[in-house]
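Data block below; observations after.
Just so you know, all these numbers are worked out from the coordinates, no wet-lab data involved. Keep in mind that what you see is a predicted model, and the values were worked out from it rather than measured. FYI the Cβ positions are ideal-geometry reconstructions off the backbone, even for glycines, and counts take in every protein chain you see.
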Amino acid sequence: MEMRGGGTLTFRQEGPRVRLQVRREADGRGLYKAWLRGDGGGACLLGTLIPEGGELQLCRTLSVEELERAGCWPHFRGEARLAFRFDEGRAGGWCREPEPGRRLRDPVLRREIRGPMWCREEREGFSLAARFRTDRPVPLAALFCLARVEQWEGQRYLVWEFDREGWPRLPRDGGGRTRGGGE
């Protein structure tokens, strides 16, 4: 069946259990949660869809009794809801980059990155950003001196600039000039 919010839900009853499978296009917008909505107003959270094979998927097996208690059996519909936007609250074209190290040319820098960062595409290349925290290591410690600090929603972020090939660049101000360049 077609799901509200996009995607499809297939189900098969196997005795006292129901096998449910959700598939949805991986649109890169964020994390989606799959729900069953009973015709009488009941609801049952199936879980968070995960990337697999170029799409988002979720497979669950629940008991008929569980679905009845939730008010989602035998008549229900499926819903996929965007639960967390990767770009939420980030103005200026910032998007969540799950594997920022793949964009960098220097193997030492690639090894320093241990998780997702924010990324913004620019005419001369791209920028990476990470929250500036004093209680954790800096993601690109080797480039700490090249980072500039920006504030978003009351939080400080370290921002590094890179050329199109993934090599670090000197920080620039909003006018495109290198900071401290005497211009």
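Backbone N atoms of the range 1-24 closer than 15 Å to the 7 Å Cα→Cβ label point of Glu65 belong to residues 15-18. Taken one residue at a time, the phi angles of the range 144-153 give Karplus couplings (6.51, -1.76, 1.60, θ = phi - 60°) of 3, 5, 9, 7, 10, 9, 10, 10, 10, 6 Hz. Gly and Pro are set to x.
Here the extension length gained between Glu55 and Ala43 equals 1.9 nm, from 0.36 nm per residue of separation less the Cα-Cα distance. Working note: 222 nm ellipticity from helices only, DSSP H runs with n ≥ 4, each -39,500 (n - 2.57), summed and divided by the residues of the chain, gives -1500 deg cm²/dmol to the nearest 500. Measuring nothing but how far apart in sequence close Cα pairs (under 8 Å, 6+ apart) lie, relative to its length, the range 8-85 scores a relative contact order of 38 percent.
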